[in-house]
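S.K.: Below: one structure in structure tokens.
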2 protein chains.
Amino acid sequence: MSRTVITPEDGVVYEFTPDLEPIETVESGASLTVETVDSLEGAVQSEDDLLATVPEEVNAATGPIGVEGAEPGAVLAVEVEEIRLTEATGRVITIEGFGLLDGHEGIDAPRTEMTPVDGEAIRFRDLEVPVSPVIGTIGVAPAEDAYTTLVPHDHGGNLDTTDITAGNTVYFPVFQDGAMLAMGDCKAAMADGEMCGTGSEIATEIDLSLELLEEPAIDLERPLIETADAWKTVASAETLEEACELANRDAIGLLAAEHDFDTTQAYLFSSLVGGLEISQVVDPLVTVRNAVPKAYLSSPL
Amino acid sequence: MSRTVITPEDGVVYEFTPDLEPIETVESGASLTVETVDSLEGAVQSEDDLLATVPEEVNAATGPIGVEGAEPGAVLAVEVEEIRLTEATGRVITIEGFGLLDGHEGIDAPRTEMTPVDGEAIRFRDLEVPVSPVIGTIGVAPAEDAYTTLVPHDHGGNLDTTDITAGNTVYFPVFQDGAMLAMGDCKAAMADGEMCGTGSEIATEIDLSLELLEEPAIDLERPLIETADAWKTVASAETLEEACELANRDAIGLLAAEHDFDTTQAYLFSSLVGGLEISQVVDPLVTVRNAVPKAYLSSPL
């Protein structure tokens, strides 16, 4: 099957709303290539390009892509096959009022460092960092409220999660007819936490395939990621503590369903294997995941 | 050199105080075997043993072990060589008023599940979990305040950090003459987060070696862990957000010192590699670490 190519010229969104209209509609099973611009849309091309404030429109998400037959209650599986960098340099920046250490002594904002691509690595001054691309913003039309592409929530959005990378599959609840997938805000590399507020922001093209699960075995409320060796629940909230609670509750739900554990048994077991991981601590809501090794969860969906 | 064996009968502490007195004093370079009781000191031997409240004395830490010549400003390196389980079963429990999901619907407290040791695994009901021991509580005499062994802080204490395991080295700031190392509260296995409030709590014997760094290259304020492939700063605070800030600031300090980066450059770089990890979210202070791959930090001390 040939790949459908979807580009930012076809359409981008800066807000995930319940009433998104598709720029393209595909069938379950479709293979796509989605092109994305960098999160700052070319505004930062050298160390002299400094951003005084977070742009009003940021994290342009290419889409929305409708999926035929997708209805609320279904799950959309997005298998990320490959992420290719499509510009010669990324950039990592501080912006005043944004980032984990904003306002701390010695932390200057705005500041920009360019991170040129050099083969399989990017360079940060004299250091090389292996290219390990991440899709920062990816989601579907939410249930009720609207969320700008700076915000992560149950629909996905600005999850800034290193596990959203090639080889892994991200499962989203379908809240609206057609699902309405959109993505952007990729990084050539990013630390868990995204402490300064960005990774190495860069344009990409993403090969992915979509599959609609019309009758999932569980009532998925939030994104779920399948890696080579784990299932990871993903939750965003006002505080890391609240996000940890949501991610752990979701993981417990999966464990209880598979093993015929009661909720407390699943909670006790969750305290022995895998565990809580930090996605990002800088967006308007923060994001945490709870990893459960595949040895203990076969196929929860 | 023969190993000095130190047992709970020699002495345990339930509080890390500035004025600890050693039960044994060893030289830098000493190899020790330290025996530890389980954190609940045998109170839970079956699923019928339920704990209504957190015991007033918990996490008995074998020690304190004095180190000759250790003075404030030095660093004590504790290389964990091997952790052997010394009882036939561990236990994982809930206690009312304790744990990430305490009070949530469906979460019963008190509850106990026994986790018998079966070769290289423990069993949780029908499931097997590979034995992967963790030292839950390990620390030195603090600078000024006293901390019970339920609390983690800059002196170490109840860090509940999965990286404090065989093969890794933990570096502690020396705040008092003799350092006064003590440890206990081991687990046969534990998830990052320790969500229900315990791992598989179990008695152990720990082989370790001590080395005193009398003139460290940095002013170490909090514990630092060296794993096979990363240096990890460790920080405890009231909230996960605060702990993330401390751990990231410490990581930035190490990066800035090694690479002649200014603080902001180190911050930007920290947002590209390794990243923030959760140790535990259940103790009176919570604990986070910031991993920096060794490719970018040779030997910060």
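S.K.: Suppose every K and R has +1 on its Cβ and every D and E has -1 on its Cβ; what is the size of the dipole of the range B:70-215 about the Cα centre, in Debye to the nearest 20?
M.R.: Numbers: 6 positive and 29 negative charges, 99 e Å.
The calculated dipole for the range B:70-215 is roughly 480 debye.
S.K.: So which residue, out of A:V44, A:V75, A:V234, gets the largest mean-square fluctuation from a GNM of chain A using Cα contacts under 10 Å as springs?
M.R.: Highest fluctuation among the options: A:V44.
S.K.: Treat every Asp and Glu Cβ in chain A as -1 and every Lys and Arg Cβ as +1, leave all other atoms uncharged, and give the resulting dipole magnitude about the Cα centre to the nearest 20 debye.
M.R.: Details: 12 positive and 59 negative charges, 149 e Å.
Charge dipole of chain A: 720 debye, to the nearest 20.
S.K.: Now for a different question. May I have the convex hull volume per residue, in Å³, for the Cα set of the range A:22-73?
M.R.: 121 Å³
S.K.: Ok, one more. Starting from one equal scatterer on each C-alpha and no solvent at all, send me the Debye-based log10 I(q)/I(0) for the range A:191-265 at q = 0.12, 0.17, 0.19 Å⁻¹, two decimals.
M.R.: Computed log10 I(q)/I(0) values: -0.51, -0.93, -1.07.
S.K.: Straight-line reach from B:K232: which lysines have Cα under 22 Å away, leaving out those fewer than 8 places along the same chain?
M.R.: The reachable lysines, counting only those whose Cα sits under 22 Å from B:K232, are B:K187, B:K294.
S.K.: Looking at the range A:92-172, which GluC sites (Glu not before Pro) are in a loop (DSSP not H, G, I, E or B) and have at most 13 other Cβ atoms within 10 Å? Kindly include the intermediate steps, with their values, before the conclusion.
M.R.: Values: sites: A:E96, A:E105, A:E113, A:E120, A:E128, A:E144; in loops: A:E96, A:E105, A:E120, A:E144.
Qualifying residues, ordered by number: A:E105, A:E120, A:E144.
S.K.: Follow-up question, since we're still on this one. Considering Cα pairs under 8 angstrom that are at least six residues apart, work out the relative contact order of the range B:134-292 and quote it in whole percent. Could the numbers behind the result be given before it?
M.R.: Details: 331 pairs, mean separation 41.3, N = 159.
That works out to 26 percent.
S.K.: Enter the angle in degrees (range 0 to 90, nearest 10) between the Cα long axis of helix A:240-259 and the first principal axis of the Cα atoms of chain A, meaning the one along which they spread out most.
M.R.: 40 degrees
S.K.: Would you calculate the convex hull of the Cα atoms in the range B:2-110 and tell me its volume per residue in Å³?
M.R.: Normalising the Cα hull of the range B:2-110 by residue number yields 155 Å³.
S.K.: Tell me: how much accessible area in total is hidden between B and A, 1.4 Å probe, Å², nearest 100?
M.R.: By this definition, chains B and A bury close to 5000 Å².
S.K.: With the full set of protein chains in place, find how many percent of the accessible area of the protein assembly as shown is carbon and sulfur; take the probe as 1.4 Å.
M.R.: Carbon plus sulfur share of accessible area: 42 percent.
S.K.: Counting only Cα, what are the radius of gyration and maximum Cα-Cα distance Dmax of chain A, in Å?
M.R.: Computed over the Cα atoms of chain A, radius of gyration and Dmax are 18.6, 59 Å.
S.K.: Turning to a different aspect of this structure: When N counts the residues of the range A:90-129, how does its alpha-carbon radius of gyration compare numerically with 2.2 N^0.38 Å, as a ratio?
M.R.: Working: Rg = 12.2 Å, N = 40, 2.2 N^0.38 = 8.9 Å.
Normalised Rg, Cα atoms only: 1.37.
S.K.: Limiting things to C-alpha atoms, what are the Rg and the maximum Cα-Cα separation (Dmax) for the range A:62-203, in angstroms?
M.R.: In Å, with Rg to one decimal and Dmax whole: 16.5, 53.
S.K.: Express as a percent, rounded to the nearest 5, the fraction of DSSP beta bridges in chain A (both residues included) that run antiparallel. Provide the component values of the computation, followed by the final result.
M.R.: On the way: 70 of 77 bridges.
Antiparallel: roughly 90 percent of the beta bridges in chain A.
S.K.: Oh, and also: Work out the length of the dipole vector of the range A:232-301 about its Cα centre, built from +1 on the beta-carbon of each Lys and Arg and -1 on the beta-carbon of each Asp and Glu, and round it to the nearest 20 debye. Show your work: numbers first, answer last.
M.R.: Details: 4 positive and 10 negative charges, 58 e Å.
Here the range A:232-301 has a charge dipole of around 280 debye.
S.K.: Answer with one residue from B:T161, B:P110, B:I65: the one whose Cα lies farthest towards the positive end of the charge dipole of the range B:23-174, charges on Cβ with Lys, Arg +1 and Asp, Glu -1.
M.R.: Toward the positive end, the furthest listed residue is B:T161.
S.K.: Put a point 7 Å out from Cα along the line to Cβ at A:E47; what are the distances to that point in the other copies, in nm, shortest first?
M.R.: Relative to the other copies, A:E47 has label-point distances of 6.4 nm.
S.K.: Would you work out which of A:V292, B:T4, A:I202 lies farthest towards the positive end of the dipole of the protein assembly as shown, given +1 charges on the beta-carbon of Lys and Arg and -1 on that of Asp and Glu, about the Cα centre?
M.R.: Towards the positive end, the residue furthest out is B:T4.
S.K.: What list of whole percents do you get for P(r) of the protein assembly as shown, with Cα-Cα distances grouped in 20 Å bins up to the one holding the largest distance?
M.R.: 21, 51, 26, 2
S.K.: List the residues of the range A:178-193 whose accessible area drops by at least 30 Å² when all protein chains are present, compared with their chain alone, using a 1.4 Å probe and counting only protein heavy atoms.
M.R.: At a threshold of 30 Å² (probe 1.4 Å), the residues of the range A:178-193 that become less exposed are A:A191, A:D192.
S.K.: Measuring label to label, 7 Å along Cα→Cβ, what does A:P130 give against each other copy in nm, shortest first?
M.R.: 1.9
S.K.: Only sites in a loop by DSSP and with at most 11 other Cβ atoms within 10 Å count here; which GluC sites (Glu not before Pro) in the range B:207-301 make the cut?
M.R.: Details: sites: B:E211, B:E214, B:E221, B:E226, B:E238, B:E241, B:E242, B:E245, B:E258, B:E277; in loops: B:E214, B:E221, B:E238.
Filter output for the range B:207-301: B:E238.
S.K.: Out of A:I164, A:I138, A:I23, any idea which swings most in a Gaussian network model of chain A, alpha carbons joined below 10 Å?
M.R.: A:I23
S.K.: Per residue, what volume in Å³ does the Cα convex hull of the range A:137-201 take up? Each step should come with its number before you reach the end.
M.R.: On the way: hull volume 5.6 nm³, N = 65.
Convex hull of Cα atoms, per residue: 86 Å³.
S.K.: So if I average 1/r over every pair of distinct C-alpha atoms in the range A:61-103 and take the inverse, what Kirkwood radius in Å does that give? Before the final figure, lay out the partial values.
M.R.: Values: mean 1/r = 0.0649 Å⁻¹.
That comes to 15.4 Å for the range A:61-103.
S.K.: I've got another one for you. Once Lys and Arg get +1 and Asp and Glu get -1 on their Cβ, which of B:P22, B:L40, B:A77 lies farthest toward the positive end of the dipole of the range B:18-125?
M.R.: B:L40
S.K.: Mind jotting down the distance between the C-alpha centroids of the range A:151-204 and the range B:169-193, whole Å?
M.R.: 37 Å
S.K.: Kirkwood hydrodynamic radius, computed over distinct alpha-carbon pairs, for the range B:156-234: how many Å, to one decimal?
M.R.: On the way: mean 1/r = 0.0707 Å⁻¹.
Averaging 1/r across every pair of different Cα atoms and inverting gives 14.1 Å.
S.K.: Over the range B:91-230, average the accessible area per residue using a 1.4 Å probe and give it in Å², no decimals. Intermediate values should be presented prior to the final figure.
M.R.: Numbers: 4440 Å² over 140 residues.
Computed with neighbouring chains in place, this is 32 Å² per residue.
S.K.: Let me ask something else. Given the convex hull over the Cα atoms of the range A:162-301, what projected area results after averaging over all orientations, in nm²? Before the final figure, lay out each step's value.
M.R.: Numbers: hull surface 36.0 nm².
Result: a mean projected hull area of 9.0 nm².
S.K.: In the range B:95-111, what residues drop by 40 Å² or more in accessible surface going from the chain by itself to the full protein assembly, probe 1.4 Å?
M.R.: Output list: B:L100, B:L101, B:H104, B:I107, B:R111.
S.K.: Suppose R0 equals 60 Å. What FRET efficiency, 1/(1 + (r/R0)^6) with r the Cβ-Cβ distance, do A:D219 and B:Q45 give to the nearest 0.05? Mind showing how you got there, number by number?
M.R.: Values: r = 39 Å, r/R0 = 0.65.
Calculated transfer efficiency: 0.95.
The values are calculated or read from the model by the stated rules, or taken from the named source; none is laboratory data. Quick caveat: nothing in here was measured; it's all calculated off a predicted structure. Every residue, glycine among them, receives a Cβ derived from its backbone with ideal geometry; neighbour counts consider all protein chains shown. Each accessible area value is taken on the protein alone, full model and side chains, heavy atoms only, with ligands, DNA and RNA left out. Shrake-Rupley method; radii C 1.70, N 1.55, O 1.52, S 1.80 Å.
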